[in-house]
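Structure record follows, encoded as C-alpha cells.
The values are calculated or read from the model by the stated rules, or taken from the named source; none is laboratory data. Just so we're clear, the structure is a prediction, and the values are computed from it rather than from any experiment. Every residue, glycine as well, gets a Cβ built from its backbone with ideal geometry; the counts of neighbours run over all protein chains shown.
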Ligand SMILES: [Zn+2]
Ligand SMILES: [Zn+2]
C-alpha cells in the first residue's frame, strides 16, 4: 500500500508518501527533539496526524469574523482579532526552524512545513491535555476515598503518639493512602509490611502511580527475589518476614522512620510475632513511629497491646447488603467425613438468582467453599446447569490452580451471562474481584491445624468465625447493593466464634522459635505475644529443634542452629543444604532444597491425564520424589537453554506449572548466595571466556532488557471476555487459553516476559552446565544424595506396613513413630510402584510365606518432608532409604543386646540381624562414620563462623576436602554392606518391656590406659552401658547374651599377626587400634587410588575391617570392647584364658 | 541510578479555583531537558509522571493574565487564548472573546454540571 503512494512530482502533495514522511521526520524528529524518529511516540504522532487530516478536510477555510465589541480592558486588547485554533496552544516548536530554505533537498514547501508544524503542536497539546486529565482524575479519586477525610486526624495522632491504629474496611483506601500521607507530611524512610508478596508489588505500583512516581524511585518494594529499592526510596513495601529478617540483622532498624504494619487483623504468624518484636523495640527507638492498619475487627486488642494507642477509625464504603439465611436441610448434610458435599442447596441459590433477577442486570456470584474437593463437587453440579441455561460461566478459584487459571476470574463474562466463582477463603481478603453482587457462603473453612503431640499438620473443616462471615458478606457490596446467601441458620451465626483462630495457635512453631533464639529474644515461653501460642506447641518446637541439633541441651543455639536460623527455609531443608555442601553435591542439593520449598510444580488435574502421565514418565525417579523434582527441573533447564525450544509448551505437555520452575530457579540462586555468604560454598570465579563470547552475551542482555522494558510500557493484562463454550464441560483450559491468548496478543511475536526475566536473572549456560552434571550423577552420587536427604529429614521416617505386599497399590500403609496408617500422596512415585519398597518382602516371601518382614538385606524406609492430614494422613515428598544403614547412621537412640545382633532404633523399630559378627562390624563401622561425619560437620561450621578471608572465598582447606571425599566413599561402602536382617515395629507392650533396667553393678570396667581414659557409665534407666550419646549397649531384654561367650573364636590379625580368641567386638577394637595396620591414614591413601578402595570397609563377613583413623573412632571401638568385658565381668561369665592379654596388645 | 536525572519537586502547585495540589519541579518558559519546545507563558511544570521519558513534561498551570490568580490548566478552571485566562475572568469578559471561545465556555459549563451531578448520585 505504501509503495503506491509515491510523491507525484510537483502535482499533488501526498502526506502518506514514505519519502515525504522520512524528510519530515528528519527535520522535526531528531535526537534533540521532543518526538524522536522510530519511537513509540513517533508512531502515535502519525496516527494522530492521520486523524487530524480527515478531521480538518471538510473545513471550509478560516472564516474571518471580526469581534463585535471592542475590548474593555487593556489586557484584552492584544487578543488576536481572528480566531485560529493555534492561539489556544501555549507551546511553540523550535524544531525545523529556518529549515524551509533547505537548498538542494528543499522538497518541502513552506506551507506544508507550516501545516506540519501546527500538527506537531496540536499533538503535543493533545498529549498535555491527556496527561493532565489523568492527573486530575487521579487526584479527584484520591480525595474521594473515605480515608481522605481522616488524613489530618491521623497525622495529628501520629505527631502526638508513637503508635497509632488505623481501622477501616476494605475499600476505604488506607493501604494506598496512608503511606502517601506520611510522605507528603514530611516523613521519610517509610516501610509498609504486607502479609503477601503479591500485595507488595501491586501496592508499590499503585502508590508509585498515584504519587506521580511511576517512573521514579521514590516508591519501591522488596520481596524474596526482587527489590526495586534504591537510596532514593521513600516508601518501601515489603513482607513481614523480610522486615523480621532485617530486624535480625540490625535490631534497631535504623533504616526506618515509620513502620506501617498492614492487615494486622489477619493474624498471620509473622505479623503477630512482628508486633511482639516491635513492642520491645519501641522504647529503644523513641523516634520511630508505628502505624498498625487493620480491618474493623478486634481493634481494642491491638490498641491495648500498645498501651492504649489511639485509634483512627475510617468507615468503609459499602453498599447495603441483604442477608438471606438458608440452612441446609438435615438430609442434605453429609453424614461422614468421607462423604461428598451435596451440591443441591448451592444449585438452588443459582436458580433463585436466575428466577429473581433479569439477566440484563449485571452482577456476578462469589461462592465460598471450604476446599478444593468441595469446589470440585459444586463445579460438577453447576456446569450442566450453566450449559443448559447459557446464563452462567463457572470458574474455580483456589491456590493450587495454575496462575493462568486463577487469572481467569478477573475476565469479563459476555453480556447477559453471569460469572460464578467457586472459591476457597482466598477471596475473603487476598483476592478482590470486582462486579460481585451475590455472595453464597457455605460457612465452612478448611484450615491447617497443628497437633503438637503427633507433630502433624492437619487440614480440617471448621465453621468460620463471625468476622469471616462478615468479610465474606462484604464482598457483595463493593460496587453496588448486594445479596448474601448463607447456608446456615442465624442461630449458627450467633454461635460462631467472634474471630478466626490466629495462625500462631494452629501451626508448628519451629521456625519461629529458631528465629526468636537467633534474635536473642530469650526464652520463647516468656515472650509477650499479643496472644500466646499453646504451651505444648512451644515445647514441641523446642524439643524438635533440640532433636535436630539446632539447640543444645540448655536451649542455646548450636553453630548449626545459628546457620539454620539464617536460611529462610524449613529446618530440614536447611540441614540438607548444609550437608550437601560437604560432599560436593551442591548443585543437585540446591535444586532439591528449592524444589521442596515451593509448591509442587506437578499440576494436580493433569494427574488423570494419560498423555501427561506418559510424558512425565521419563522424569520419574525410583529413588523418590525429590529426585523426580530434580529430574524435572534439570530437564526444564535443558529445554530453556535451547533457544528454539518452547519451554511453556514443554511444561504443559507434562502437566507442569512453569511458574514453579521459575521459583525454583530463583530460590536455588538465593540459597547459593546464602551458602556463599556463610562460607560454606566457594564463590565461583567468573569464567574468563573470549571477548567475542563476552560481547555476544552483552548484546543478548541488552536485547533482553529492551524486551523487558517494552513489556513494562505496554503493561497491564487486558481483561479478556470469557467464552461461554470453552467453559462448559470441564474446560480443558491449557490449550484453549493458549490459543485464545495468542490470538489476542496478535500472532507469533508474543513475548514470554517470564522467560525474559529468567534469562536476565540467571546465567542459563551456567545453569545448564549444572543441570547436565546433575543428569549424569553416578550411582554413588545418587546414593550419597539420598544419604544427605535422609540425614536432613531424619527423624521424619516411615516404615512400610508388614502386610503391604499383599495389598493393592492404592492401599499401601506406612507408619511413623507417632502416626500409624499414613498413606502416600497419589503423585508419589512409590504410590504407583510399591514394589520398589518391597524388595525385602518379596525376597522374604520366597523363603517363608508367613513372615513378610523376614530376613533380607533390602528393607526400605521412607524419609518424608512433611506429614499432612486431610481426610487421611499423607506422607509428602518421600525418599526411600535402606533401613538398617539409615537407622544405624541417623538414630538418636540405638539400643543393643549383648552381641549386638538385636538393635532397637529410637525405641520403635527393632532390627534382628543374622549373625552377630556382621552386626557388630556394621555397628562399629557406623559409630566411626558418625564420628567422622560429625567432625567434618564441625569443621565446616567452624569455618563459616570464622571471619572471611581477604579474597572472599572461604574454600575448605585441601585436607578437609580430602577427608570429606574419603568419608563419602566410606559411607557408600557402608550403604552397600550386605547383612540379612528382619525389621519389626515394636508394639506398645513390647516397647514398655524393652529394657533390662538399671543394674546393681556400679563400677564400670576400666581398661588400662590403652583405649583412652573415658569411663563407661551404666545407663540408669535402660540398663546396660552408655557408650555414646546415642548408643546404649546391652540394655535390651534379650536372651542373646547367653551365647555371647560362644562367639569368641580364634582369629589372627592380618597386620600384626596376633592370633587369639576374640569376640567380634574385641576383634574390631584390635583392628582399629592395631599399630601395624597399613592405613593409619586411610583417607589420604585412598585418595591416591590405592588398591583396596572401599576394600570391604564394612565388609562382608570374614574380610578384614579397615578402620579409619581418628582418635574418636578408635575410642568408640575401644568402648565397645571394654563394654563387652564389663558385661562379662558383671555377669560372672566364664572367661577363656588369654583374653586379658588381648587388651595388652603390643603398641 | 535514577536520582540524578530525576527532577526534585520544588514546591506544591495549588490551583486557586479547584484546589488541585500537585508538586511542581519547574517554573518558567523553558522546561528542563527539552531543547526544541518553549512555552508561551510562565508555567508551573512537572516531569510527566505518566511517561518514562525524562524530557517529557506536564504543564500544571499558570497565572491568569487578568486577575493573576494561580490556576490549573484543567478545562473547568482556565483556558488559553494567546494568554491564560481563568474561567471566571473569561465569563466576565465573554464579549471580548471570539465566538468559538464563547461556545466552548458554554459547553464546558454544561459538561461540568452533568459531571458533578453524576458524581453526586454515586455517593
Ligand atoms: Zn483548577
Ligand atoms: Zn482571572
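At-a-glance table
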| quantity | calculated |
| --- | --- |
| Qualifying positions in segment A:475-507 - under 31 Å from the mean Cα position of the chain (by Cα) and farther than 25 Å from residue A:870 by Cα | A:475 |
| Residue check for residue B:22: assigned to a strand (DSSP E or B), within 29 Å of residue A:181 (Cβ to Cβ) and within 7 Å of chain A (Cβ to nearest Cβ) | yes |
| Residue count, segment A:832-861 (criterion: modelled with pLDDT of 75 or more and either under 16 Å from residue A:914 (Cβ atoms) or out of contact with any helix residue (DSSP H, G or I) (no Cβ under 7 Å at 6 or more places or on another chain) (or both)) | 5 |
| Matching residues, segment B:47-68, being buried (at least 23 other Cβ atoms within 10 Å of the Cβ) and either within 16 Å of ligand 2 (Cβ to nearest atom) or more than 7 Å from every other protein chain (Cβ to nearest Cβ) (or both) | B:47, B:57, B:60, B:61, B:62, B:64 |
| Matching residues, segment B:77-91, being over 24 Å from residue A:92 (Cα atoms) and more than 8 Å from ligand 2 (Cβ to nearest atom) | B:91 |
| Strands (runs of 3 or more DSSP E) completely within segment B:28-91 that count 3 or more residues being within 16 Å of ligand 1 (Cβ to nearest atom) | B:43-47, B:57-63, B:70-72, B:78-80, B:84-86 |
| Leading residue by the ranking (surrounded by the fewest Cβ atoms within 10 Å (Cβ to Cβ)) among those in segment A:231-263 that are free of Cβ contacts under 8 Å to residues at least 24 places away in the same chain and within 14 Å of chain B (Cβ to nearest Cβ) | A:231 |
| Where residue A:719 falls short, out of the listed (1) surrounded by fewer than 17 Cβ atoms within 10 Å (Cβ to Cβ); (2) within 27 Å of residue A:201 (Cβ to Cβ); (3) modelled with pLDDT of 70 or more | (3) |
| Residue check for residue B:71: modelled with pLDDT under 90 and within 14 Å of ligand 2 (Cβ to nearest atom) | no |
| Failed criterion for residue B:102 (all others in (1) away from ligand 2 (no atom under 16 Å from the Cβ); (2) within 30 Å of residue A:233 (Cβ to Cβ); (3) in contact with a helix residue (DSSP H, G or I) (Cβ under 9 Å, 6 or more places away or on another chain) hold) | (2) |
| Qualifying position, being facing chain B (nearest Cβ under 8 Å), within 19 Å of residue A:49 (Cα to Cα) and at pLDDT 85 or above, among A:91, A:121 | A:91 |
| Filtered residues of segment B:25-36 (kept if in contact with a strand residue (DSSP E or B) (Cβ under 9 Å, 6 or more places away or on another chain) and either more than 10 Å from chain A (Cβ to nearest Cβ) or surrounded by fewer than 20 Cβ atoms within 10 Å (Cβ to Cβ) (or both)) | B:25, B:26, B:27, B:28, B:29, B:30, B:32, B:33, B:34, B:36 |
| Residue in segment A:524-533 that is in contact with a strand residue (DSSP E or B) (Cβ under 7 Å, 6 or more places away or on another chain), part of a helix (DSSP H, G or I) and at pLDDT 90 or above present | no |
| Test: residue in segment A:871-878 that is modelled with pLDDT under 85 and within 33 Å of the chain's Cα centre (by Cα) | yes |
